[in-house]
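So the structure is just underneath, and the comments pick up after that.
Coordinate-derived values only; no laboratory data. If you're wondering where the values come from, they're calculated on a predicted model, not measured in any experiment. Every residue, glycine among them, receives a Cβ derived from its backbone with ideal geometry; neighbour counts consider all protein chains shown.
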Amino acid sequence: MKQFLLSISLLCIGLSANAQITQAFRSSLMQYQFNALPLNPAYAGRLEATSFEAFYYGGFSSKQQISRSALVSLHGRGGANQNLGWGGVMQFHNQAYFNELAFRPAFSRIFQLGGGNLSFGATAGVTYIDIDESIASNLTNSYFSLSTGAGVLWHNQRSFIGISLPKFWEKSGSDEEAITSDIMPVNVHLGSVFRITDEYFIKPAILLNRQSQEVSNILTGIQKLTTQSADLHLSVFIEGAYVIGGMVGISDVDNGIRQTRLGASATFLFDNFRFGYAVQFNNQAVSSISLPTMHTISAGYDFFENPEDGRRVF
């Protein structure tokens, strides 16, 4: 992992102290309105049916510094008493002069309680990393990274709270070396749905994240920076056919860098199928770095006959 982060430092040419902030471009709370599996493996099997989700997250510009991600996930339930969850996430990410392709299967054990379900999940995945040879010719240009994660999720039909360690162990290797990482990101994701009328519901959701990352600066050497992020997303369900949402977020790095986010989303629900679009504006006031506007295009389908209470809320 250090070798990969060193290559990012070379690409940033002296701005690598801000590399941690760019990780915020790789995800948005608006992506997880109807599928938290990329956040938490315990989400696998939350529905008593198979569920499919796909989205694109990134800019529409052709500039190389734009971060882009494409993700596909599938999960459902199994076992004699439908108490086992299975799933998987495949994600492609491109930024500047490197590409990542990751596959992370997930499994969960679901316990049915009086007021809801409690799930314990685990994941183990592999990531292939490819670096442009013209930029990092003195480094290994491609290698694999193995990682494991875990999470817990409590939910009923209208509320949820989950805690996950998406990468509590990671090992990256090349022909020359193999490095075990002690970086451990933590996610806390929670929300609930409140009824206004028979046709209008609101759903506030919060995502808290804390992660550390080693970055290399050409002046100060290798530093370990910690980022703490908080995002709030408020959704309004209208007549069971539309979902309108707004998001605010903030990320603080312990070197004094702060990024703020504003976003809006619209999702159309057609029985078991849904289609959505979201836009996110990013600001980093203390830096001269230009932060692009990010877009999310999402689609999903649930393979069941009757949605929960006629609505799919998360």
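For this structure, a couple of remarks:
- Taking the number of Cβ atoms within 10 Å of each Cβ as an exposure proxy, the fewest-first ranking of Lys203, Lys171 is Lys171, Lys203.
- Ile250 paired with Arg195, simple spin-label distance in nm, labels 7 Å along Cα-to-beta-carbon: 3.6 nm
- Label sites at Asp130 and Glu48, each approximated as a point 7 angstrom past Cα along Cα to Cβ, lie 4.4 nm apart.
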